[in-house]
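Here is the structure we will look at.
The values are calculated or read from the model by the stated rules, or taken from the named source; none is laboratory data. Treat the numbers as computed from the prediction; the structure is a model and nothing was measured. Neighbour counts are summed over all protein chains in view; Cβ atoms, including those assigned to glycine, are modelled from backbone coordinates with ideal geometry. Only protein heavy atoms, including side chains, enter the accessible area calculation; ligands, DNA and RNA are left aside. Shrake-Rupley method; radii C 1.70, N 1.55, O 1.52, S 1.80 Å.
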2 protein chains.
Amino acid sequence: MFKELNGTDEDDMNAPQAIVKHGRKFDQVLDGARKVFMRDGFEGASVDDIVREAGVSKATLYSYFPDKRLLFLEVAKIECQSQSDDAIAEIASSDDVRYALTTAAKRMTRFFMSDVGLQVHRIIVGESQRFPEIGREFYESGPARVHAILRQFLQKGVDAGKLEIEDIDLAADQFPELCKAGLHLKMVLGLRDTPSDAEIDRVIEGAVDVFLCKYERRHR
Amino acid sequence: MFKELNGTDEDDMNAPQAIVKHGRKFDQVLDGARKVFMRDGFEGASVDDIVREAGVSKATLYSYFPDKRLLFLEVAKIECQSQSDDAIAEIASSDDVRYALTTAAKRMTRFFMSDVGLQVHRIIVGESQRFPEIGREFYESGPARVHAILRQFLQKGVDAGKLEIEDIDLAADQFPELCKAGLHLKMVLGLRDTPSDAEIDRVIEGAVDVFLCKYERRHR
DNA sequence: TTGAACATAAACTGTCCAGTTCAGTTTTTT
DNA sequence: AAAAAACTGAACTGGACAGTTTATGTTCAA
């Protein structure tokens, strides 16, 4: 992705970023930007704040990134990737369906409720109007991957005769929603503090209960 | 709400707004602001746009509202109220639990997916950092009321022996989440167009199925 | 019909901030 | 060590925009 407009393709084989140029202090810039964007949002973050935080001159920043928007997109992309990467990993590790779902749900939910997870969510939602591509980027690298993995897991359960699901896509959409019950919106709006692990566990247990009550194959 | 800080309580009995002053063109201002805020978001909307849209002078606007933030808060408050008012109304009208849930869910969900509903959601989420009170205002007048009504409905079902629920608050949180499955986030991020009624009905049916499978009392 | 309250247009102030420029310094390469 | 490339800091530009002021016009109640 982001390959489209890349006229000057400096390093052929391993171009992790395009459009943006690299240099010695590239990572400093990215780290500073990440910190400030996550703290203040897109509008709230000034480029001067970022260069101060990054310990870099403004000219350097602008030698890497053509504008603030692209810098933000880069940061957001990285956050989104790290999200789904450590949030799901291997769900299929157990053949006890309930246990596997519970474990995956806990990891996922703890990320949803983390400071970074919430702030990414806030910014993406708030800016998705202004930057439509950021909404897609986020969706593809987060929710869509969760959906795909869950879908595959559920299909396996069906094939093994453990689950009974007519509409797997719907089910794969329902489960993550159930995991948010009551907590997520309140957190996003800043109406409560981080739930304890016990609280999350209770919600997850409820989610798995409801989910499996419907979809677990009746053993007779 | 918003009564707390009202030092100068001009009209005693019927003070629909406080802090803000009234005048002939008050509604014009509010309508224009509503339109522009809903189109462009808080940051994206300039006061000059609003007065142009409202057909009113800037000075007039500032004679009603001390600043842009309060104007936005007023508009948001009105939107939030209208939200829950037409979104839920009377759920308890039927004693067929499945039918009542389905009907209420359809109304609720259609609002979630409407342009206004989505835009309010986007703006509130995006600005809840900057204006913490707006998050609470929104939550109280929307989701919290849904929760309360649903809670009451479920309790009635339990009392009547139709439902069997250990944790009613959790259940009342789960149901609205189930109704969003797959659709809401995609809509918020602008990744798909408004779902057809049929599509919404399918999701709702799935939500009610899952929900009642767990919580409907087994009749034997 | 007069005067008080309301409204107007337009220019103005002050601030904030993205992005640029450039002369000079440091680092890397050869 | 010399040349090339990367980086710096600080000042500057230009534009956007919230909020104010002023001088003038309109409405309506008494």
Any hit, region A:106-124, residues being in a helix (DSSP H, G or I), within 16 Å of DNA strand D (Cβ to nearest atom), of a type outside the set (D, E) and open to solvent by less than 30 Å² (accessible area, probe 1.4 Å): no
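Residues that are surrounded by fewer than 21 Cβ atoms within 10 Å (Cβ to Cβ) and more than 9 Å from chain B (Cβ to nearest Cβ): find the helices (runs of 4 or more DSSP H) completely inside region A:148-220 holding 1 or more of those. Full working, then the answer.
Values: elements: A:168-180, A:183-188, A:197-215.
Fully inside region A:148-220 and qualifying: A:168-180, A:197-215.
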Residue ranges of helices (runs of 4 or more DSSP H) in region B:16-71 with at least 3 members crowded, with 19+ Cβ neighbours inside 10 Å: B:26-44, B:47-54
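Could you list all residues from region B:131-142 that are within 8 Å of chain A (Cβ to nearest Cβ) and in contact (Cβ under 8 Å) with a residue 24 or more places away in the chain? Can you show your working first?
Initial filter on region B:131-142 (within 8 Å of chain A (Cβ to nearest Cβ)): B:132, B:135-136, B:138-139.
B:F138, the sole residue that qualifies.
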Pair list, Cβ under 6 Å, 6 or more apart: region B:143-160 residue closer than 19 Å to B:C179 by Cα, other residue buried (at least 19 other Cβ atoms within 10 Å of the Cβ) and of a type in the set (S, T, Y): B:R145/B:S84
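Here are A:R145, A:R130: which of them is assigned to a loop (DSSP other than H, G, I, E, B) and not aliphatic (A, V, I, L, M)?
Numbers: A:R145 fails: assigned to a loop (DSSP other than H, G, I, E, B).
From the options A:R145, A:R130, the qualifying one is A:R130.
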Unique match (being surrounded by fewer than 17 Cβ atoms within 10 Å (Cβ to Cβ) and closer than 30 Å to A:I168 by Cα) among A:S128, A:S93, A:S141, A:S84: A:S93
